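What follows is a set of notes on a single structure, which appears directly below.
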Amino acid sequence: MEPEFDPKLESLLSDELKALPPVKAPASLASNIMAVLNARARLPWWQRSWWDWPLTAKVAFVLFAVSLAGLAGGGGHILSESVTGYSTEVWDGFNGFEESFYLFTPLMDAAALVWERAAQPFLVYLALFAGALYLTCVGVGTACFRYAFKRA
């Protein structure tokens, strides 16, 4: 069942609201707003919103995030064949230093094997588990807050 619509009601309410006197803002409102804006403007760039960061900091952050994602994913998801081929060419330029790395090759191979077989497959599950724990904490915290401050 739909409620009945009275076309006169809209015009009546509009006329009554227009007849009301304008509401005066408190005298301290403008000074409080300006104080908050000035305090935000004095914050260091890293405590401001990401959109207010300098361009170099944004670019560095994006490059760091992409490289971290590439490291976590083994590089195959982020880097294309041309990028990995170029990095192979650059690495081949360091052949003179290759002999010194032979000492650490077994250790690096073991670390890569542990990363590939043990840690990397569980990153997704770990991220999902951490997200579920986060959402659980938010939900329980919200419920406790609402219970503590509920109105009788």
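A short reminder: the numbers here are calculations on the coordinates, not readings from a lab. Just so it is clear, the model here is predicted, and its values are computed rather than measured.
Given their separation in residues at 0.36 nm each and the Cα-Cα distance between them, Ser49 and Thr105 gain 15.8 nm when the chain is fully extended. Phi angles of region 107-116 translate, via the Karplus equation with coefficients 6.51, -1.76, 1.60 and θ = phi - 60°, into HN-Hα couplings of 5, 5, 5, 5, 5, 5, 5, 5, 5, 6 Hz per residue; Gly and Pro are given as x.
Per-residue 3J(HN,Hα) values for region 38-44, derived from phi via the Karplus relation 6.51 cos²θ - 1.76 cosθ + 1.60 with θ = phi - 60°, read 5, 5, 5, 5, 7, 5, x Hz in sequence order (x marks Gly and Pro). Please give every one of the lysines within straight-line cross-link reach of Lys18, meaning a C-alpha to C-alpha distance under 23 Å, and leave out same-chain neighbours fewer than 8 residues apart. Within the straight-line limit of under 23 Å, Lys18 reaches these lysines: Lys8. Phi-derived couplings, Karplus 6.51 cos²θ - 1.76 cosθ + 1.60 at θ = phi - 60°, listed residue by residue for region 138-145: 5, x, 5, x, 5, 5, 5, 5 Hz, with x used for Gly and Pro.
Segment Arg146..Ala57, full-extension length gain: 28.1 nm, with 0.36 nm per residue of separation and the alpha-carbon distance subtracted.
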